[in-house]
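J.: What follows is a single structure, and I will ask about it in a moment.
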Amino acid sequence: MYRPAFKIENIVRLIFILHIAGVVIFTGCFRGSPSDKPPIHLNPNMDDQPKYKSQSESGIFSRGTNLTPVPGTVARGELRANADFYTGITTAGSFVEKSPVQITADNLRYGRERFDIFCSPCHSKIGDGTGIITHYNYTQPKSLHEQRLRDIEDGYLFDVMTNGFNDMPAYKYQISVNDRWAIVNYIRALQRSQNGKIADVPQDKRDEIR
Ligand code: HEC
């Protein structure tokens, strides 16, 4: 029977193996020993770019690349022209009366979730000031259902979250502006719920809760 000495598949295999061996030898032998030259970079893409990085020297500015923005520079999306919304305090300097974020069922649900995460460890889920942390020698907050806090402006509650209050830390970095207003809205719902009277319940539902 005729058997060819070199089957075509074997030749292809051989060429393939030689290629791999070539690459291994090429990359290995070139740089097998320590060198102070930068490594060979077969496919540099855009790894090396002529650009300035922060805190590096600059050929133009004596202070390097750490330049402060030109006075009055406003980053995109950071104008915050609406002081009422961002601070809870009007331009006249008084607390905003009513939350600028519309109260909807979804917003209240969201506010409750945020309140339970951020406030309940100290204020408790119902806001009476008996959160878990009060068992560990932390100042016990007053109840959010005190008449004073029920009558107070929405902007005040927003401000307490934003800047803290005596022993209470500020939450402006943890909780976004929108979320803080959602919490204000929820605190109002909480205050109503904890001071509810039977007369608040529609006539036909009263029997269900007695
Ligand atoms: C680490 C614990 C802690 C957390 C978390 C916390 N608070 Fe407080 N809060 C306090 C304490 C303590 C006080 C009382 C401060 C004092 O009188 O020294 C207080 C007071 C308050 C007051 C009353 C201020 C006044 O005029 O008496 C409000 C309103 C309030 N917190 C809202 C919130 C809201 C809303 C959150 C969630 C975003 C929150 N707190 C999260 C500890 C906390």
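J.: Might you let me know whether segment 122-144 holds any residue that is in contact (Cβ under 8 Å) with a residue 60 or more places away in the chain, part of a helix (DSSP H, G or I) and under 22 Å from Leu190 (Cα atoms)?
T.: Scanning segment 122-144 turns up no residue that is in contact (Cβ under 8 Å) with a residue 60 or more places away in the chain, part of a helix (DSSP H, G or I) and under 22 Å from Leu190 (Cα atoms).
J.: Looking at (1) surrounded by 10 or more Cβ atoms within 10 Å (Cβ to Cβ); (2) modelled with pLDDT of 85 or more, which is the only condition Lys7 fails?
T.: The failed condition is (2).
J.: Looking at Lys172, Lys142, can you tell me which residue is among the charged types (D, E, K, R) and closer than 25 Å to Thr104 by Cα?
T.: Just a single option satisfies the conditions, and that option is Lys172.
J.: Go through (1) within 6 Å of the ligand (Cβ to nearest atom); (2) open to solvent by less than 30 Å² (accessible area, probe 1.4 Å) for Tyr171 and report which single condition fails.
T.: (2)
J.: Would you mention how many residues in segment 151-165 are within 10 Å of the ligand (Cβ to nearest atom) and more than 27 Å from the chain's Cα centre (by Cα)?
T.: The number of residues fulfilling the criteria is 1.
J.: Quickly run through segment 89-111 and pick out the residues that are touching a residue at least 24 places away in the same chain (Cβ under 8 Å), more than 15 Å from Asn178 (Cβ to Cβ) and part of a loop (DSSP other than H, G, I, E, B).
T.: If the condition is that a residue be touching a residue at least 24 places away in the same chain (Cβ under 8 Å), more than 15 Å from Asn178 (Cβ to Cβ) and part of a loop (DSSP other than H, G, I, E, B), then Thr90, Ser94, Glu97, Lys98 are the ones that fit.
J.: Still on this structure, I have one more. Going residue by residue through segment 44-67, is there one that turns out to be open to solvent by 90 Å² or more (accessible area, probe 1.4 Å) and of a type in the set (Gly, Ala, Ser)?
T.: yes
J.: If you don't mind, another one. Would you mind finding the one in Arg114, Arg148, Arg180, Arg206 that is within 11 Å of the ligand (Cβ to nearest atom), loosely packed, with under 14 Cβ neighbours inside 10 Å, basic (Lys, Arg) and part of a helix (DSSP H, G or I)?
T.: Result of the check over Arg114, Arg148, Arg180, Arg206: Arg148.
J.: Now a separate question. Is it the case that some residue within segment 98-108 is surrounded by fewer than 12 Cβ atoms within 10 Å (Cβ to Cβ), modelled with pLDDT under 95, more than 10 Å from the ligand (Cβ to nearest atom) and of a type in the set (S, T, N, Q)?
T.: No, there is no match, as no residue in segment 98-108 is surrounded by fewer than 12 Cβ atoms within 10 Å (Cβ to Cβ), modelled with pLDDT under 95, more than 10 Å from the ligand (Cβ to nearest atom) and of a type in the set (S, T, N, Q).
J.: Cβ-Cβ under 7 Å, sequence separation 6+ or interchain: first residue in segment 188-210 and farther than 30 Å from Lys142 by Cβ, partner open to solvent by 50 Å² or more (accessible area, probe 1.4 Å) and modelled with pLDDT of 85 or more. Which pairs?
T.: Arg206/Ile198
J.: Oh, and also: Under the condition of being of a type outside the set (Phe, Trp, Tyr) and more than 9 Å from the ligand (Cβ to nearest atom), which residue from segment 117-142 is surrounded by the most Cβ atoms within 10 Å (Cβ to Cβ)?
T.: For segment 117-142, the residue satisfying everything is Ser124.
The values are calculated or read from the model by the stated rules, or taken from the named source; none is laboratory data. This is a predicted model, so every value here is computed, not measured. Ideal geometry is used to build each Cβ from the backbone, glycine not excepted, and the neighbour counts take in all protein chains shown. Surface areas here come from the heavy atoms of the whole protein model, side chains and all, with no ligands, DNA or RNA. Shrake-Rupley method; radii C 1.70, N 1.55, O 1.52, S 1.80 Å.
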